[in-house]
1. Could you tell me which residue of segment B:427-443 is surrounded by the most Cβ atoms within 10 Å (Cβ to Cβ), considering only residues that are at the interface with chain A (Cβ under 7 Å from one of its Cβ atoms) and in contact (Cβ under 8 Å) with a residue 12 or more places away in the chain?
2. Name the residue that is farthest from A:C153 (Cα to Cα), counting only residues in segment B:189-211 that are within 9 Å of chain A (Cβ to nearest Cβ) and of a type in the set (D, E, K, R).
3. Would you check which residues across segment B:92-109 are open to solvent by 60 Å² or more (accessible area, probe 1.4 Å) and in a loop (DSSP other than H, G, I, E, B) and list them?
4. Six or more apart or on different chains, Cβ atoms under 8 Å: show the pairs whose first residue is in segment B:412-426 and modelled with pLDDT of 95 or more and whose second is open to solvent by 40 Å² or more (accessible area, probe 1.4 Å) and acidic (D, E).
5. Sort out for me the helices (runs of 4 or more DSSP H) sitting completely within segment B:251-316 that have 1 or more residues that are within 14 Å of chain A (Cβ to nearest Cβ) and touching a helix residue (DSSP H, G or I) at 6+ places or on another chain (Cβ under 9 Å).
6. From A:P101, A:P81, A:P172, grab the single residue that is farther than 18 Å from A:I204 by Cβ and either of a type outside the set (D, E) or without any contact (Cβ under 8 Å) to a residue 40 or more places away in the chain (or both).
7. If you scan segment B:321-338, which residues turn out to be within 14 Å of chain A (Cβ to nearest Cβ), within 26 Å of B:P373 (Cβ to Cβ) and assigned to a loop (DSSP other than H, G, I, E, B)?
8. Limited to segment A:23-65, what total is found for residues that are part of a helix (DSSP H, G or I) and under 23 Å from the mean Cα position of the chain (by Cα)?
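The values are calculated or read from the model by the stated rules, or taken from the named source; none is laboratory data. Everything numeric in this text was worked out from a predicted model, so none of it was measured. A quick note on method: Cβ atoms are made from the backbone with ideal geometry, for glycine too, and the neighbour counts reach across all protein chains shown. When the accessible area is computed, the model is the full protein with side chains, heavy atoms only, and any ligands, DNA or RNA have been set aside. Shrake-Rupley method; radii C 1.70, N 1.55, O 1.52, S 1.80 Å.
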Protein chains: 2
Amino acid sequence: MKTDALIHDLGRIVGAEHVLEAAGHYLHDTTLTMGLRGEAEAVVRPGSTEEVAATVRHCYEHDVPIVPRGGGTGFAGGATPTQGGIVLSLERLARVRSFDPLLWRIEVEAGVRTHSVQRLARENGLAFPVDPGAAEESQIGGNIATNAGGPHCFKYGVMRAWVTGVEAVMAPGEIARFGGPVRKDVAGYDLLGLLCGSEGTLGIITAAWLRLIPAPPVSLAAAGFYSDAAAGQEAIEQLMASGVQPAAIEYLDAATLAICGATFPGGMPADAGFLVITEADTSEADFAELVEALGPGARTPDPRALWRWRDSVSLAVTVSRGGKLSDDIAVPVDRLAEAVERTVEIGRRHGLQACSWGHAGDGNLHSTFLLDPGEPAERRAANAAAEELFALAAELGGTISGEHGLGVLKNHKLSLQWSPAAVGAHDAVRGALDPKGLFNPGKKLA
Amino acid sequence: MKTDALIHDLGRIVGAEHVLEAAGHYLHDTTLTMGLRGEAEAVVRPGSTEEVAATVRHCYEHDVPIVPRGGGTGFAGGATPTQGGIVLSLERLARVRSFDPLLWRIEVEAGVRTHSVQRLARENGLAFPVDPGAAEESQIGGNIATNAGGPHCFKYGVMRAWVTGVEAVMAPGEIARFGGPVRKDVAGYDLLGLLCGSEGTLGIITAAWLRLIPAPPVSLAAAGFYSDAAAGQEAIEQLMASGVQPAAIEYLDAATLAICGATFPGGMPADAGFLVITEADTSEADFAELVEALGPGARTPDPRALWRWRDSVSLAVTVSRGGKLSDDIAVPVDRLAEAVERTVEIGRRHGLQACSWGHAGDGNLHSTFLLDPGEPAERRAANAAAEELFALAAELGGTISGEHGLGVLKNHKLSLQWSPAAVGAHDAVRGALDPKGLFNPGKKLA
């Protein structure tokens with residue numbers, strides 16, 4: 001189909017002013033720092049679920065790839081149009097359809113920012129505890145499509161645990177609703193759960209019903225510095241043995257501390273080789289248990305300052321050499337220290353400075369290789385290092401992606417951790433729900 | 001395939017002594033009280049995952065239906081062999097493969113009783129908070145296959161939230177593992193979640209990795225009696241507005257209280273028309289808030305006595321007339337009172353005594369029509385009443401099954417709540433993963 005004709009037809013569906021030239025930020029996500037930018041025939045911004053369905057119908061009929069786009073904050077290239085077609089941005093579906101604070105539930109369109117849901121909840125004495133790193137920019141639809149996580153998922157679970165219903169446009173352009181404002185539903189297969197984390201390859205999420213909980217009574221943070229990853233691992237296991245459920249257990253390794261430890265609230269010890277952060281959100285008494293578990297020298301900085309600092313880590317690491325390749329493997333928690341140490345070794349073998357930080361309680365590392373984006377040799381080295389990292393995750397009984405997804409960066413890697421039968425099931429499900437292969441093609445390939 | 005030849009071949013796989021004549025309890029679940037009993041060519045009891053795979057391989061090759069069986073405590077006929085073939089019992093897969101209390105995780109085979117997991121957790125200062133009604137008999141595999149719930153799922157979520165990995169035998173007899181001892185994993189589609197609640201129609205779960213949490217510090221229960229469902233609904237909403245997260249919110253309606261209220265610990269008021277039960281598992285202070293929210297007259301019975309009494313409700317209702325048809329619709333919590341009242345009205349229209357009780361906070365009713373199982377006319381009336389009940393659930397924005405599943409009882413009812421596109425996706429997924437339609441055929445039909 002000719003681009004001009006496509007643009008004309010789509011303009012009749014969503015209004016000509018909402019079919020944009022494919023340019024600027026619509027063509028990439030955060031993997032732009034690794035040079036990943038796509039191309040598309042147009043950006044389409046539907047204003048309603050019906051317009052999304054009509055757009056998909058048109059594209060499905062004319063074999064046009066559809067790349068759904070939320071806030072564009074992904075780390076795996078999932079929103080980057082690598083096979084042409086259209087970028088379908090959900091940004092205009094940004095209404096809160098209903099909010100019942102006394103019933104702990106909210107219905108929002110896909111383009112509502114995750115931060116807005118968190119704020120609305122907070123202003124009403126409630127909490128939406130999923131806290132992905134880019135909550136101020138990321139959108140609910142994208143966060144569901146990647147089944148996003150964050151520090152507090154250690155206690156509260158990832159996005160899937162908070163979605164009771166989705167409205168989605170399925171092939172070849174039909175609106176479907178799975179679940180709703182009801183909190184339990186086992187009538188049909190869990191297609192709601194299947195859409196969570198499907199990265200736009202099985203359908204396009206247009207709205208969601210989310211559940212909320214009463215705001216936790218306290219938010220108290222503590223931090224402990226340790227000589228190395230092994231000692232840090234021990235502190236993490238002490239936290240888990242304390243009898244208290246921490247709201248989060250985070251870590252930074254020595255190399256990450258070398259980059260951003262200087263700005264740690266209150267400063268850090270000169271010999272620090274590993275940092276463990278934890279939070280209690282239940283009571284002062286529970287907090288005291290956690291502080292004790294961290295051992296002598298535990299600190300109790302202002303939680304807001306601490307989390308603000310923690311939020312700055314990713315960017316600080318990026319700017320330290322101008323670019324990075326950051327992966328999000330997860331391993332059984334007792335293998336964390338080993339994964340941390342071997343991340344550094346892998347970098348060393350490839351001539352790259354490596355560091356990691358992340359969600360220790362979930363065994364979820366952000367294993368990172370620093371690079372100068374202007375140096376193709378460094379990018380090649382980082383890609384080679386990433387291959388070793390994925391093999392490491394599989395070797396340790398973990399996963400190549402704890403929260404970012406496959407996107408384009410990890411295509412064809414699933415077989416490292418899944419058997420041929422499991423990979424076959426993955427592909428069969430995809431073929432069943434997107435028979436023409438037009439939903440975000442070239443992404444999340446098993 | 002001739003039965004004799006089948007039995008001979010299966011005996012070579014699992015040992016002749018583990019291929020039994022299909023008889024007794026292997027041919028039904030709790031729906032036997034409604035006269036539902038199946039037929040099969042044999043009962044096969046594999047002793048390992050490899051034997052399950054070999055059995056499935058043999059059956060898949062010879063077009064023999066496979067009906068997986070856990071504890072047989074289902075309420076929907078999901079384990080009843082209605083289309084012949086073999087019953088594949090997981091009872092011999094009953095090993096705890098690993099248990100790491102300090103790391104909050106356990107790996108168990110499908111035939112381990114859910115109660116055993118709860119007990120192991122408790123004895124180690126931990127909790128496995130999913131508490132389906134028949135935990136002493138039901139098995140982890142079956143509870144995962146039905147995505148089981150229970151009272152404490154109001155706070156802790158259903159089975160899916162506690163499974164980090166499954167081992168399953170997929171068509172045509174291949175072992176696959178989705179997830180594992182890792183707490184976060186978004187690499188592949190959520191096929192683990194898809195298997196949860198699939199009622200044995202997509203694959204046969206042979207083992208699971210479960211996560212655990214530290215045991216809650218307290219367990220304090222309170223109860224309030226109200227004049228009617230509307231007043232009870234108000235109390236439930238007061239609990240949700242208290243700022244505290246209750247561990248459970250249960251209810252019994254007037255007709256249920258008429259049957260089993262007399263044995264309520266400490267007795268019940270003569271004019272009671274609705275009972276609300278709640279539990280705090282966080283602190284004494286939180287408990288005080290919940291007691292206050294229940295209003296004047298709230299009682300604080302011994303939690304053990306209260307839950308023991310609550311556990312006896314289902315059986316007490318059954319024996320009151322000898323039989324019952326009990327469905328498990330769920331509605332948005334603000335529609336609970338309406339669903340309670342209309343359950344009774346539906347029964348009245350069909351000449352049946354009706355009652356309901358259940359998981360109020362989740363809007364999950366056990367809407368029940370009493371019957372004499374020896375009276376075919378009453379069974380017919382109950383089936384007709386159930387049809388109206390399903391329509392009611394859909395009308396109120398709810399689901400025809402909050403926790404029991406479709407089994408055979410609710411075949412072809414999913415279209416009441418799902419659009420044709422959604423039902424189409426359900427069927428497409430099934431066809432993709434069980435192309436020959438041999439996994440628990442005739443169950444969970446959309």
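1. B:V429
2. B:E199
3. Residues satisfying the conditions are B:R92, B:R95.
4. Note: pairs meeting the criteria are B:S419/A:E174; B:P420/A:E174; B:A421/A:E174; B:G424/A:E174.
5. Because the criterion is at least 1 residues that are within 14 Å of chain A (Cβ to nearest Cβ) and touching a helix residue (DSSP H, G or I) at 6+ places or on another chain (Cβ under 9 Å), the helices (runs of 4 or more DSSP H) in segment B:251-316 that meet it are B:284-294.
6. Residue meeting the stated conditions: A:P101.
7. The answer is B:D328, B:I329.
8. Qualifying residue count, segment A:23-65: 9.
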